[in-house]
Every structure is written in structure tokens, then in C-alpha cells.
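What follows is a short report on a single structure.
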Amino acid sequence: MMLMVGGGVLALIGAIFFTDQFAFSWLQGFMFSLSLCLGALFLVLVHHLFDAGWSVPIRRFCEHIATLSFPVLLLLFVPIAVLKTHLYEWMREPNPDLDPALKAKLPLFTTTGFYVTTIACFLIWGFLTRRLRYWSLRQDKTGDALPTYKMRFLSCIGIILFAITLTLAAVMWMKGMQHEWFSTMYGVYYFAGSVWITLATAYVITMVLDCRGVLSDVLHEHQYYFIGSLLFAFTVFYAYVTFAQYFIIWNGNMPDETFWYVVREKGSWWWAGMVIIFGHFFVPFLALLRIDVKNVFKFMLPLAAWTWLMHYVDLSFNIMPVKSPDGYPFRFIWLDVGCWAFMIGVLAFFFLKEYAKYPPYPLKDPRLIEAMGFYHPVPTQLSGGELDETDDHCDAPRHSRGGAR
């Protein structure tokens, strides 16, 4: 509530007195919020695609975060649709005959294409997230195999739709501010950052729910290890994608591609780039190299906060140079923080409201016992031809998380 009220007041002041800057600040906060929702949707999809066991306890809150993409984020997109001419130059006086870059992107980069793409993305996200959560809750009631099969089928289709819609959203809403630029890696670039920040968020939510005793009975320490390992993996993946995009464009030395980086080497944007190189990659990479730190809450909590800060800097590096090519507009940082705080407050409000309605984790998921660290005994063949089921595995105590706490 404090985030919504405080951020809402600052955003309202910016919308009234600094409309042009407000449009960019609002877009930045929106893309940050969207990355959380789409990252959560990806985690749900891969859970079903890989038939994972360890991720069962965290699946339910990821489902709730993913459902915020529709209709909550759709409503938050309204100011962007209203102020679109402040953000996208090609919407002010579109003339494809005089702009070869715009002509090459027709019919996507038209006002009609913009709205059709936007509506299609939100409808697809709404369908996927709502149906996945519907069958997940149905599984809680019946325990039948049908919901499991339905979620796997939806995930098979959904992972393709997810890739298409995320790419379209990143290209239309963020890259489209400089429509002359060409990059085939931009969708993957936004995807890597989205999953990266969502993994850090999932770690903190899991830790909070564990400390409050909500998920303690169904957690094993390997949940923290796997989330931390995936966070480490996407740290490397993000760095690879970012460097590959930069290296290919700079090596190609084509003005209609390199200008995007030339603009971002002026003023304080140079230092923002250095912060991304060292803060977005080297700091989390070196911090997560050790295996044991992934189970230490006092270490991982500040690191998770650091990922939020670095993702925020990364989005600023992408969005703000269009409005302020000479450097970051520090005098409007209050507006950036206000828009961001308002949206995070809204997402948190609706997330907690949805989470309180339903069971905190999938009650009848077939792999729930495996997620808890218990395994069915393996039958062994005795000399007399009889099967012996040793229960040593089931009687073994679970690993203690006391040290991690």
C-alpha cells in the first residue's frame, strides 16, 4: 500500500507537469514489471516440459505472478497506449516512403500493427496463465492424471507462443523507440534478463514462505541450490547474449546498427554500460561460483536485491537514451522510482490477494513427495527370485536447512 500510494503520487505529479518524461519513466517501470510476470510464466512452462520434481513447491506462487500479466499489466499498459506518440517517433508522422527502415518493417510498425500486436500478446498471456493455473487448482481437488497431462500439453504449445509474444513485446514496446535499429538478438536479450530477475525473486519468496512455515513441510534444501544454480546459469547466459549482440553489430560496422551503441557511449551512459558489464555479470558470477553460498540466506538476500538494481539499470540503458542521449536524467530519478514503486506495489497487492485464496503449493502433484526429498524404495532382486523393497531411502532424514536459515 505504501508503494502504491507513494509511487502513485510521484507518478501523478510527473504525468501532469512532465508528461514527456513520464511516458519514458512509465514504460521503464512497465517493462520491469512485465519481465517478472513473463519470467514466472517461463518457470511454470519449463516445470511441466521437463516434468521437474524439485520445482513443485515454488510452482504455485509462480503461477500467481504469471497471471498478473492479464489483466493487471494490461491496465498498466493504458498510459503507454495513450502517450505512444511521446515514445515512438514513427507514430508522429509516419512516412514509409521517406524512411526505408520503417518501410522494411511494415505492416508491423504501423499504428494498427502496434495495437494488434499488443492485444494479441496480452490475450495469449492471459490464456496461457489462466488455463495453467486452472488445471493446477483442478489437480489439487481431484488428484487425477488429466490435469497433469493438460498442463504438459499447454506448456508444449505455450513455450512457442511465449517466445513469439515476448519477442514481439520487446521489439514493439522497447526496441521500437529507435525503429531504425536492427537486432535479431533483442528478444533473447530481454528474455535472459527477465528470467534472471525472476529467479532472484523466486528465491526470496521461497525463503520468506519457508521462514514463515508456509512451505517448510514441502521444501528440501535442494530447492535453494537449484534456484541459485539457475540464477548463476542465466547470469552467464545474459552476458553471452549481450556480448554476442554487441560484438556482431560492432564487427559488422553498419551505421544503421552501430548507432544504437554510439548513442549509449555518450555522457553518463558510458558509465551505465560499465555498471552493466561489472555489476550485471562479474559481481553475481563471482558471488555464485561457490556451491555452498546458494543455501545461505544472509548472502543470497542482498544478492537478490542487487539483481533488481542491475535489471533496473539495464532497462534504463535501453530506454532512457532515446529521451536523454547525453546522459541519465538524474533530476527525474524521483519520477522513475515513483512509477516503478507504484507498479511493484500493484503487482504485490494482487499477488498477495490471489495467493491467499488458494493452497500455497500444489497439494496433489505426483512429484510432490520427490520435491520433499523422499524417494520410493527401489526393488532389488534376491537370490530366490523374490523382490525386496528396502526402505532405507524413505527412513533417511531430510537434510537440515537450519544452517541455511
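The values are calculated or read from the model by the stated rules, or taken from the named source; none is laboratory data. All of these numbers come straight from a predicted model, not from anything done at the bench. Positions of Cβ are generated from backbone atoms using ideal geometry, with glycine treated the same way; all protein chains shown enter the neighbour counts.
Just name the residue that is nearest to Ser33 (Cα to Cα) out of those in segment 282-334 that are acidic (Asp, Glu) and in contact (Cβ under 8 Å) with a residue 12 or more places away in the chain.
So, considering only residues that are acidic (Asp, Glu) and in contact (Cβ under 8 Å) with a residue 12 or more places away in the chain, the one nearest to Ser33 (Cα to Cα) is Asp314.
Does Arg152 satisfy the criteria of being under 24 Å from the mean Cα position of the chain (by Cα), under 30 Å from Ser216 (Cβ atoms), among the charged types (D, E, K, R) and assigned to a helix (DSSP H, G or I)?
So Arg152 passes the test.
Yes/no per residue for (1) in contact with a helix residue (DSSP H, G or I) (Cβ under 6 Å, 6 or more places away or on another chain); (2) within 30 Å of Ile333 (Cβ to Cβ):
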{"site": "Met2", "(1), (2)": "no, yes"}
{"site": "Gly14", "(1), (2)": "yes, yes"}
{"site": "Ala23", "(1), (2)": "yes, yes"}
{"site": "Trp26", "(1), (2)": "yes, yes"}
{"site": "Leu36", "(1), (2)": "yes, yes"}
{"site": "Ala40", "(1), (2)": "yes, yes"}
{"site": "Leu49", "(1), (2)": "yes, no"}
{"site": "Ser55", "(1), (2)": "yes, no"}
{"site": "Cys62", "(1), (2)": "yes, no"}
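Applying the selection to segment 247-260, what residues are under 21 Å from Gly193 (Cα atoms) and surrounded by fewer than 16 Cβ atoms within 10 Å (Cβ to Cβ)?
Phe247, Ile248 - these are the residues of segment 247-260 that are under 21 Å from Gly193 (Cα atoms) and surrounded by fewer than 16 Cβ atoms within 10 Å (Cβ to Cβ).
Which residue out of Arg138, Arg130 is within 19 Å of the chain's Cα centre (by Cα), more than 30 Å from Val283 (Cβ to Cβ) and not in a loop (DSSP other than H, G, I, E, B)?
So the residue among Arg138, Arg130 that is within 19 Å of the chain's Cα centre (by Cα), more than 30 Å from Val283 (Cβ to Cβ) and not in a loop (DSSP other than H, G, I, E, B) is Arg130.
Could you tell me which residue of segment 155-184 is modelled with the lowest pLDDT, considering only residues that are of a type in the set (S, T, N, Q) and part of a helix (DSSP H, G or I)?
This residue is Gln178.
Output the qualifying pairs, or none if there are none: Cβ atoms under 7 angstrom, residues six or more apart or on different chains, first residue in segment 259-281 and over 17 Å from Tyr189 (Cα atoms), second residue of a type in the set (Asp, Glu).
Within 7 Å, the pairs are Lys266/Asp326; Gly267/Asp326.
Restricting to segment 150-172, and then to whatever is within 14 Å of Met31 (Cα to Cα) and of a type outside the set (Ser, Thr, Tyr), can you tell me which residue is surrounded by the fewest Cβ atoms within 10 Å (Cβ to Cβ)?
Leu168
How many residues, within segment 129-147, are polar (S, T, N, Q) and either exposed (fewer than 14 other Cβ atoms within 10 Å of the Cβ) or at positive phi (or both)?
Of the residues in that region, 1 qualify.
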